[in-house]
Each structure stands twice: as structure tokens, then as C-alpha cells.
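See below for the structure under consideration.
No lab work stands behind these numbers, since they all come straight from the coordinates. Treat the numbers as computed from the prediction; the structure is a model and nothing was measured. FYI the Cβ positions are ideal-geometry reconstructions off the backbone, even for glycines, and counts take in every protein chain you see.
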């Protein structure tokens with residue numbers, strides 16, 4: 001997916017008005033590394049900070065926020081975001097991580113059938129991709145059947 005097409009998708013996202021007091025707001029410094037509309041994937045790069053770590057692992061609240069926000073461009077490929085809502089969002093921490101670790105956040109739209117959308121996210125080491133720090137899965141239900149935009 002070209003950067004231009006990705007920018008068009010990102011421009012369609014609803015603007016968030018998170019308060020400054022929110023711990024994991026939407027002003028996260030995620031950098032798009034690759035995006036592919038045909039394969040329904042987007043990969044971000046991010047450097048983990050101490051604030052995102054809890055007892056040595058990526059904090060589940062931060063993971064949930066990232067899973068929700070980072071998959072929005074993929075949801076835009078199939079449905080209008082205001083007409084969809086999450087029915088399930090699960091995250092699992094797998095490996096300890098240190099502050100300053102550069103990670104890749106690999107998002108994939110794995111299902112778009114009827115009114116159901118499902119995305120998966122893996123949080124892996126940018127240098128050693130076999131090291132996966134956490135995973136996430138989100139299921140969404142849409143007001144209208146999806147797939148017309150694919």
C-alpha cells in the first residue's frame with residue numbers, strides 16, 4: 001500500500017479528544033513501517049518506554065489501547081469506524097521487555113465476513129522477530145455487512 005493510500009485511510013479515522021490525564025492516549029508515536037491493503041496488514045515501529053512496562057512485561061492497558069488504535073486503518077478498509085464496535089479485545093503478555101527496546105507492532109485483518117471483523121496484533125522484537133513480547137485479538141461487529149470496500 002503506498003503511503004498516499006495509507007494517508008487517505010488515516011484521514012478517515014475519527015479524531016480523538018483524549019484528555020491529557022489519560023494514561024495511554026491516542027498521541028502515541030507509532031511509525032508506519034509497512035502497509036499492504038491487499039494482504040490487510042500494517043506494521044508499526046515503536047520504542048518501548050518505562051511507562052509502558054508493568055512488572056517487566058508490556059502493560060495490558062497499553063497493549064489494549066494499541067490493539068484498538070493500530071488496527072483502525074484495517075477496519076477502515078472494510079467498514080466505517082463509527083458503524084462498528086468492539087465485542088471482544090484480548091491481550092496476552094508472553095516475554096519480558098526492557099525500556100528502549102525497539103518493537104514492531106504487526107497488525108492483520110484476519111476475518112471480514114457478514115458483520116464480523118477480527119484483527120490480530122503481535123508485538124515482536126524489531127531485530128529478533130522470533131521474539132514475541134505480546135499478542136492481541138480484537139473482534140468487532142458492524143452495523144452493516146462488511147466487505148464491500150475490499
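Could you say which residue among 97, 137, 67, 75 is in a strand (DSSP E or B) and in contact (Cβ under 8 Å) with a residue 24 or more places away in the chain?
The conditions single out 137.
Return a yes/no flag: does region 99-108 have any residue that is in contact with a strand residue (DSSP E or B) (Cβ under 8 Å, 6 or more places away or on another chain) and closer than 12 Å to residue 84 by Cβ.
Scanning region 99-108, I find no residue that is in contact with a strand residue (DSSP E or B) (Cβ under 8 Å, 6 or more places away or on another chain) and closer than 12 Å to residue 84 by Cβ, so the answer is no.
Can you tell me how many residues within region 48-64 are in a strand (DSSP E or B) and within 15 Å of the chain's Cα centre (by Cα)?
Residues that pass the stated criteria total 1.
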